[in-house]
Structure formats: structure tokens, C-alpha cells
Number of protein chains: 2
Amino acid sequence: MTGVKRKKNNVVWRKINSFHCADFKQWCLRRLPILEWAPCYNLKENLIPDTVSGIMLAVQQVTQGLAFAILSSVHPVFGLYGSLFPAIIYAIFGMGRHVATGTFALTSLISANAVERLVPQTSQNFTTYSNSGVLGLSDFEMQRIGVAAAVSFLGGIIQIAMFVLQLGSATFLLTEPVISAMTTGAATHVVTSQVKYLLGMKMPYISGPLGFFYIYAYVFENIKSVQLEALLLSLLSIVVLVLVKELNEQFKRKIKVVLPVDLVLIIAASFACYFANMEYTYGLDVVGHIPDGIPSPKAPSMNILSEVVTEAFGVALVGYVASLALAQGSAKKFKYSVDDNQEFLAHGLSNVIPSFFFCIPSAAAMGRTAGLYSTGSKTQCVLASIIVVGLKGMLIQFRDLKKYWNVDKIDWSIWVSTYIFTICFAANVGLLFGVVCTIAVVIARFPRAKTLNLTNLNEMEYKVKTEVEGESLQQVKIISINNPLVFLNAKKFHADLMNTIQKENANNQPPDDINKCEQNTLLNSTSNGTCNGETPQPYPNEKCSVILDCIGLTFFDYTGVSTLVQVYMDFKSQNIDFLLANCTASLKKAVQYCGHLESDKHIFFESVSAAIGAIHLNKNLSKFSDHSEV
Amino acid sequence: MTGVKRKKNNVVWRKINSFHCADFKQWCLRRLPILEWAPCYNLKENLIPDTVSGIMLAVQQVTQGLAFAILSSVHPVFGLYGSLFPAIIYAIFGMGRHVATGTFALTSLISANAVERLVPQTSQNFTTYSNSGVLGLSDFEMQRIGVAAAVSFLGGIIQIAMFVLQLGSATFLLTEPVISAMTTGAATHVVTSQVKYLLGMKMPYISGPLGFFYIYAYVFENIKSVQLEALLLSLLSIVVLVLVKELNEQFKRKIKVVLPVDLVLIIAASFACYFANMEYTYGLDVVGHIPDGIPSPKAPSMNILSEVVTEAFGVALVGYVASLALAQGSAKKFKYSVDDNQEFLAHGLSNVIPSFFFCIPSAAAMGRTAGLYSTGSKTQCVLASIIVVGLKGMLIQFRDLKKYWNVDKIDWSIWVSTYIFTICFAANVGLLFGVVCTIAVVIARFPRAKTLNLTNLNEMEYKVKTEVEGESLQQVKIISINNPLVFLNAKKFHADLMNTIQKENANNQPPDDINKCEQNTLLNSTSNGTCNGETPQPYPNEKCSVILDCIGLTFFDYTGVSTLVQVYMDFKSQNIDFLLANCTASLKKAVQYCGHLESDKHIFFESVSAAIGAIHLNKNLSKFSDHSEV
């Protein structure tokens, strides 16, 4: 007996085991998209074009890294690491095939907030280059990257937690207008942060709520300290960059490789800067300090994690949202799919692991949109111009406003208010506001939306009338409900239904009131109403049936069901038959239970035609047997 | 010229004036419902029964007032004022005709929280009866009622503010399960607060989060200090009260006036207590202190308002919600309507004005449900029994659980979780949780609900096929959407539509693939597909049209419209015609703008039949002119 049992157990166990194995393999494949595409990679066809675009991307990533490291208030060298590690990890775990993960303007700005708050830049720090640190850098710089890495680490942990909680499935709450407004607002913040460099002004680091306005207030107060040569260089850089960007777009269509234009630009910019010989010399020359190989890993300082929670949330949410929008955009364009949850994992790991290698927070940025291919420029105001022009793709989303206005005014207002919130506070506050706003709008729109299909009513009613006409004048109304029936629209449904019935009755009755009445009492002596309105029923002179087609009732809650029962009771008191067609089993059960209608099973019908047939039959029966069944 | 202008202005002014006057009169009528019903009051018919039930109600109100004043931790005499003033004010402003406003168990318990926190009961306070106060009461009692009045005042102000903000229209968010769970939870709190009296235990005042559990922990720790005589008296009282309540219900059906039973009970209870001669003598004998007339008004202490904000919000929300549920219940029963906003005003004023007359917070309680008609009992444990039995109507809502379980499991879980939150924290926390939960559930249900009407598809498709069959084999699919198309279900809509089309094609194509293909290429040489699948289109051998009936599309947002455009593009790339029928003007405009389809006006049709006609015509045209129009 035990042997048999053991054997059985063994079989079961093997089954479970094999099931688990297959399951685990499946799970791995889903979690490591690289295993899916790498074995099918066509070396012959794709290697050369991919290598070329890889090199182009590398140039772009490196120059972007420098710019965004400075934006993050850390030493430029860390931008290089930040361009390398996340890209490798995202390639393994990520699903967006046209998405380059690396340093990102919006997350850089958010982490700069933490860096400047915890390790503020004092004048003595700035001047003393003690070079005592690990990578030949000052303690001050090491402290700063420590904070940025901590933000990256905690942000990544938050993203992984969201993956574990499967919150990726909640991304449908992030509508296009909200994402567009949030990224535009964040881009506006980044531009604002660069204004001091563009104008060559010295300005304290300003942040916090309404910091946006304080920055511009400061600029206008100190408008005289603007350095004209910086302003001119900025304008020149911006013009050149925009032009080159346009040229790039032009060339991209004609020849596949745009590398030459980039190299030309870099060389030209370097020469120009060299000859112009300006006073700031902060940029590329520092990059000479880069040690060979990769730095030895070092855990980010865990003791400051609690102080960077706000920024970590900002990095986690803003980075994820902006990246997802890009990944989904490219997925739509090139017809593959992106798993929202997997992206949480990929970005989480791209933040956590690199944070041990002195990396700043990362996110995905498509080559085309963020950051130009340029730089090599040695002054901050040229770097600032590069950052600003790199955000062109985001800032240009202002154009979407016209589209939203024409498509849906409410979405337009959500865009505007989310943008304002992002500007006044921060990107994550704006995002939260936008989501809450979107939900509130849907909730508020529901109770006003029509719940019944009136056209169907008219068309079908006609059909039924012609069918039944010969026999009696009993009116059959077929109404279909085309909504879920929940607390949001239950009241409206009740009112709509009552209005429809009353309006129909008012329209139909007056002209041939007496005729109908006579005919009716002749034919249908069972409806216990006389013509003179002595009975309390509003429609005493005509027996009426209403069939509610529930095919469009997608889901319901308690309020909806109790409204349905309420309608049934109201109709019953008015001597109107109320039949339900196409109910799901759960709806049937709920209505029966809620209205104590266990015995009244004849109100549910499989289809509208079955319900009509039943009315027909009942009619005939009542004609013969004088038995009224309500 | 100026004369004419002035004349014109005069006319306009008079018009505005008369409009304003009529408007103002209308507004007054709406805001003072007493003006509506008082003039029509039928003295002859209603005066005697109303006087009788008024006296009954007065007895009930007074005895309730005593019990709830003690529950509020204030002197019992204030319960009498609290029964009088709010009732008068609600009669003027309120719309619930079967609702008696006065002291209320749930609001009393909430204000007790503020009273006990700000004016804690020390032993010396309890023993010294200095009688130095205004109404012949001690300073301690005056301080306590000051706090309760302040809670009432601020709660009323909050309710009036909600009236001004027209938040009454948001009450559809308060579903029956949430209100039921919240009131049941609050009733459980009240019962818990009375446990010490029921058991005759001395217990410190315990409140705050999880206070519920601390109270029972305390009871079990000190289970030995339970006074048996108190326990027995409590049980006896509860049994008597429940029995009398049942008898009352029985008598109510037979004779209209239930007064005798009440008087009998009061006298019996008084005699019993007198003979039992127990140690506590706190109840009715104190009422002897009542001064003649009404007390002179005194503003509640404004300096403590900021300290009672939490309790004021609790009183405002819980009082309003519980009262509204009762008012709507009676309105439904007796077929009149209650304005949600007006109720905010009525309850706000019923709290603010009485707060100047030493009243505790008030709310509506229907005679039948809250508080028994009884008392006259002199011991606290009898009063506690009265309070507990008075809550029977609320506690009995536990029975609803079974109903919710059978109707909708999700509403059941909302009930349970709201109840738990109310028990663990407070009634307003539970209410907030319940509302957020309800919204979250609807939001989460939407993306899973089906969006298309498949039955319609099948039925109508058949019809169309038979019509067109003679001419060609072009498939026309009619699909109706029966939902708003918003960000919540846009993705599902897209997937559903694609699945339906692909499934239909998969079902239809295999059997007569070659035949169709031959026929098709003969008839429709324009569809640039050959039979061997060399072209990228998935359905190259059959031209297919899809008509989307938008009659059920009640509203849309940007995400919905862009999904619709996406579907159009997808179909276009698969060489499928996509026609929209029954679009509203705004939807038409939005789709045209969003998809840059200003020129493609022939995708919109007035009705499904118009769209079918157009396909028909187009077919014939293409047969002759060989001109493909996608």
C-alpha cells in the first residue's frame, strides 16, 4: 500500500518537478529577454549596421554622460561610468530594443537636488583639489558621487519593489497627456537649471517648491551680471546645434550612417573653443583623470538612504515613466511588445547594480530625442546649450497642446495643470497630480454619461410592433444597456430608464388614447386598470413590457444590482412587465438574491427573441385563461 | 442717444432685476424646504396624528438625549438642549420628512474623544460639585460642554463649507456597503465604550488607534473586577428592552399609537431601579437642575477649535453620511426626494446654531432605528443597555454581509475591510478607506471588462452576408462598442477588436480558402494580394470591411481616440476597410484631428445601414472602375 502510495507520490513529484522546471525555464525566458533574441541574432545581416550605430551611440552616450554628470552636480568622469554599466544591464533585462539606457537629463536633475542638499558646494571645496580620493579625485567629489549613487541605489530598489508588486500593470493609469506634461515640465526644469550657464551668471543653487520662479526672479534681479560673450556663445551653440540636428535628420533619410556629421561637429566645436580661448576650462580636460579599466565596486553610503527617499522616488517614477513612454513608442513603431513589469525589473537593476560602480541614476533615452551627438566643447555654457538642445524633443511637446485641445478639452486641462504642478513643485508631484486628476475626471464623467441605447430601442420596437400588431396592442420595449452598472452610473441608469419609458408613453398615448383604451380593455381584460384613471397606476390603459438587453452590461456591483431590483419593483408597481435578456450567470444570481426573486425565475431569458416569444405566449395564454402574470 | 441708451439699460436692468428676484425666490424655496411644505400642511387631517407622534418622539428624544449626553462625557442636562434645538433647525432647512435630528450615538462618541482629551476626568473633579457655573453646574462640566460645543460648531462649519462647495453631488461615491460598514463599525465602537458600564467595571478612558483592542485587552486583564449585579442588571435590561422593542413592532402594526408601551416601560424601569437601590445614582435625579426657559446663548470657545479639527471632521462626515442614508431610505419609501447638498446645509446649521446653546453635536436618527423609547433607569449600566439596544438597528447590518457575499464578492470585501479600518482607527478613516477602495476597484475592473458586443456581431454579420452574397464574397463585420472609450479600457478595446477580427478570419478562411481566393482575385483584382502569401498582409485573399457601431460609445478621452486612430491605421496596413457608424460630432472631429484624417471623410456614416450601403456601392464601383479605395 505504502509502495503504491510512494510510487504515486513519486509520479506526482516528478510531474510537479517537470512542471516546475518548465515553469522556471519559462519564467527565466520572460525575465531575461536577452535569451530570447540573442540566439536568433543574425550575425551576417545585422552585425555591421549594428556596430556602426553602436559606435555612434557610444559617442553620443559619452558626450551626454559628461553633460549629465555636470547636471547631476558630480564630476564628469562619473558620467562615463553611468553611460556604460546601465546600458549593459538593460541589454540583458530590458525589452525595448531601440532604447539606449544611460544618463538621463530628468533623473540627473532630481539626483542633483539630493547632491546639492547633502554636499553643498562651498568656495573652499571648489578651490582645493586635494586629489586624495580613490580615483584620483577629491574627497568632496567622492562624497558627491556617494550621494548620487545612493539615490540610484534606492531608486532601483523602489523600482524592483514595484516589479515584485507587479505594479507595471497599473501603468494604464499613466495617460499620454500626463506623461507628456510631466516630461515637458521636467525638461523645463532642466532648462531653468542651465539658465545660469547660458547667461554666464553666478547663482546659488536654488531648489524646492516654487524654486523655478525664484531662479527666474534671481535672474531678473541680477540681469546686469549677464556676461555678453557667454550669452552670444550660447546662442551661437544653440543655433549651430539645432541646424546640425536638422541636417542630421535630412542626411538620415538619404544615407544610413550619420557619423561623419557628428565627427565634423565635434572637431569644429573643439577648434572653435580652442581659438576662442575662454576663461572657463572645466569640461573635457578633466576627463584625462580616467583610470584604466573599471573602478573597483564600492557600496553606496547606506546611512544617507533615509535622507534621499524623496529623490529616490522621483528617480524611480520619473525615470521609469519617461523610459516606458520611449520603449512603448519604439515598440509600437517596430511592432514588438514591451512588458510593463519587466521594464520595472530592468530599470531597477540598471540602477541598483551600477550604483556600486559610482554611477548616477540612469534611465532610457532614445538617441534621436535626448542629447545631441555633439560636444567636445570646453565651456560650461556650450555644455548647457547641448543639454538644452538635447531636450528639444521634450520641449517640443508643447505642440501637443493644440492636439489635445482639439481632441478633448479635459485632457488639455489635465496637461496644463500637470505641467503647472511639475513646474511649481517637482516631476513626481506633477505625475501624482496628473494621475489623480485623470481618475477623478473619469469618475466625474461617469454619472453624466448616457446609459441606454435609444436608437436600438426605436428600431427594435418598430420590429416587434409589426410582428405583434395583429394580435394585441401590448407595447414591448427593448432597451439595451451599454455600460457597466456600478455605483457611478446606477442613479443615472434608473433615471434614464424611467424617463425613456415615461417619454415613450407620453408620445404614444395622446393621439389614439381612447381607441387604444377600448381595444385594450377588449383584448386585455386582465390588466386591472380602467380608462378613467381611478387606479393608482400611471399607465393604466395599456399593458406594457420592457425587455432590458444586458449584453452590454460588462460588470456590476452591489449598487448596480440593487438599482436593477429597484427598477423591477417600480415597474411592478406600475404594472409593467420587466424582463432581462442575455444576463450572465453571476448577474442572474445576484439579482435573484438581492431582490428575493428566487421564485420569479421567468424574468430571465437567454436572448431578446426568447423574451419576446415569452411575452407573446403569455399574451395568448392570458387571452384564454384570463390569468394575469406580472 | 444717451436717452435711448439709458432706456435700454433700464429695460435690461429691470429684466435682470426681475430675473434676480424670481431667481432669489426660487433659491430661497430650495434652501428653505419648510416654505414648500408648511403652506400645504393639512391641519385637519394631520394635526392629531402628528401631535401624538411628536409627543412620542419627544419622550424618545429626551431619554436618548440623557443617554447620549453621558456618552459624550458631558452633563446629562445638555442632552436635553441637544434634543431640542437641532430638531427645530432641521425642520426649517431639512428635506428628510421622517428624520428626527438630535443627539446621535456615533457623533456623541466622536465628540467624547475630544472632551476626554482636552478636559480629562480626574478624581478631584469628579468629587467636588462646586456649583459655581452658569447653569448651576460646576466649572468642570462647563469646560466639558464648551469642548463638545466647539466640536459641534466646527463640524457644522465644515458641513456648510461642503454645502458651499456643492460636495453633496459627490455622495454617489458613498456606496451602500461602505456606509453600512462604517455605521456598523462606529456602532461597535459605541458598544465597546459601554462595556465598562455593562460590566460595572472602573476603566480609564481609552481611545486612539487600536483603542478598540486595548479596551477589550483591559477588560480581559481585569475580568475579576466585573460586578456580577451590574452584569445581571445589564443582561436583564437588554432582554427586557429587546422584548419590548419586538412588542412595539408587533403593536405598531395593530394599533397606530405605541405610547402606552413606552410609558409602561419607563414606569416599570423606574420602580425596578428604585427597589433594587443600587450604588450608582447618576441618571435622572440630576435633571432636577434644569433651569426654566432656554439658556442664554454663549459662543463656543474658539481658542480650542484648532485642537478639535479631527473630531470636527469626524462629526461632519459621519453625522452627514449616517443621516443621509436614513433620509434617503425614508425618501425612497415614501416617494419624495432629498437634495444631497441641502442636507449638508441643514445639518451644518443644526450643528452651528445649537453650539451657541450648549448643545452636543447632532445628527439625524430615525425613531425606529436608534435608541429605544425607554429609560428613566437610574443606573449607568441600564443607560448603557439602552444605548446598546438602541444600536441594534446598526449592529444588525452584519446580516447584510451575507447579501453582499451573494451579490458581489468585491463589495463584501470592501464591507469587511472598511469595518476593520473603522474598528482599528476611527469612523472617518474607515469612510475614507472605503471610498478610496470603491474607486480603486472600479478602476481596476475596467481594463478587464469586455468592450465589444460579440452577439451583435454574429447576428448582424449573418444578415449582411445574405444580403451581399449574390454579388461578392466581401466580408462585412459589424461590431458595436458598448462602453466609454477611455484610458482605462483603450488597450483592451484594441486587443479585443484585433482578436475578434483575427479569430473570425481564422474560422472563416480555412475551409474554402482556394475557392474564395480564386473568386476573389477574379472579382476584386484591385486588392493587391496574391494567393501564395507573398505580400505582407495577413489576409491577402479577401477584402474585408469592419463597421464599428459607436452608438454605445458614451464618452471618450484622448487615449481612446488615439486608440481608435491606431486601429484604423492597423486595419489600413492589413487592407481592411474600417468604417465608423453613429459617431457623435465631437468624436468625429476628434478622430479626424487626431489621425490627420481631415480628407478621409468617408469613414464616418450616420448609421450602420448607411455604412453597409456605402460598402455595397463601393464594391459595385470597384467592380467596374477597378479602383481600390481603402
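The values are calculated or read from the model by the stated rules, or taken from the named source; none is laboratory data. Keep in mind the model is a prediction, meaning the values are calculated, not measured. Cβ placement follows ideal geometry from the backbone for every residue including glycine, while neighbour counts extend to all protein chains displayed. Areas reflect the complete protein model, heavy atoms only, side chains present, ligands, DNA and RNA absent. Shrake-Rupley method; radii C 1.70, N 1.55, O 1.52, S 1.80 Å.
Here are a few things to note about the model shown:
- Amide proton proximity set for A:Ser301, modelled H, under 5 Å, gap of 5+: A:Ala150
- Rounded to whole Å, the principal axis extents of the Cα atoms in the range A:160-211 read 46, 24, 18, largest first.
- Threshold 50 Å², the range B:550-588 residues less accessible with all protein chains present than alone (1.4 Å probe): B:Ile551, B:Thr554, B:Phe555, B:Tyr558
- One residue of chain B places its C-beta nearer than any other to the axis carrying B onto A; that residue and its whole-Å distance are B:Asn482, 2.
- Take the accessible area of chain A alone and of chain B alone, subtract that of the pair, and you get about 4600 Å² summed over both chains, using a 1.4 Å probe.
- Couplings 3J(HN,Hα) for the range B:192-202, derived from phi with the Karplus relation 6.51 cos²θ - 1.76 cosθ + 1.60 (θ = phi - 60°), are 4, 5, 9, 4, 4, 6, 4, 9, x, 9, 9 Hz, where x marks Gly and Pro.
- HN-Hα J in Hz across the range B:115-121 - Karplus 6.51, -1.76, 1.60, θ = phi - 60°, x for Gly and Pro: 4, 5, 6, 8, 10, x, 8
- B:Ser562, A:Ser385, reordered so the largest accessible area comes first (probe 1.4 Å): B:Ser562, A:Ser385
- Working from label points 7 Å from Cα in the Cα-to-Cβ sense, the B:Arg30 to B:Leu167 distance is 2.0 nm.
- Extending 7 Å from Cα along the Cβ direction at B:Lys224 and again at A:Tyr205 yields two label points whose distance is 6.5 nm.
- Candidate residues B:Ile439, A:Ile443: accessible-area rank, largest first, probe 1.4 Å: B:Ile439, A:Ile443
- Calculated FRET efficiency for the pair B:Gln566/B:Ala22, C-beta based, R₀ 56 Å, to 0.05: 0.60
- Nearest-0.05 FRET efficiency for A:Ser573 and A:Lys503, computed from C-beta distance (R0 25 Å): 0.85
- Computed with a 1.4 Å probe over protein heavy atoms only, the accessible area of A:Lys25 comes to about 140 Å².
- For the range B:198-251: span of alpha carbons on each principal axis (Å, largest first): 42, 27, 14
- Anisotropy class of the range B:404-445 from Cα gyration tensor, a/c 1.5 cut: oblate
- Taken along the Cα-to-beta-carbon direction at a fixed 7 Å, the label points for A:Trp37 and A:Glu246 span 3.4 nm.
- Once backbone amide H atoms are built at 1.01 Å from N, A:Val546 has A:Lys477, A:Asp577, A:Phe578, A:Leu579 as its partners under 5 Å, excluding neighbours fewer than 5 places away on the same chain.
- Sorted from shortest to longest, the distances between the B:Glu36 label points of this copy and the other copies are 6.1 nm, with each point 7 Å from Cα along the line through the beta carbon.
- For the range A:562-570, Karplus couplings with θ = phi - 60° (6.51, -1.76, 1.60), whole Hz, Gly/Pro x: 5, 5, 4, 5, 4, 4, 4, 5, 4
- Calculated FRET value between B:Val52 and B:Lys333, using beta carbons and R₀ = 30 Å, to 0.05: 0.90
- Under 5 Å, built H, 5+ apart or other chain: amide partners of A:Thr101: A:Ala365
- The range B:32-113 - percent relative contact order, Cα under 8 Å, separation 6 or more: 35
- Largest to smallest in accessible area, the residues A:Val416, A:Val190 fall in the order A:Val416, A:Val190 (1.4 Å probe, all protein chains included).
- Accessible area (Å², 1.4 Å probe, nearest 10) - A:Tyr205: 90
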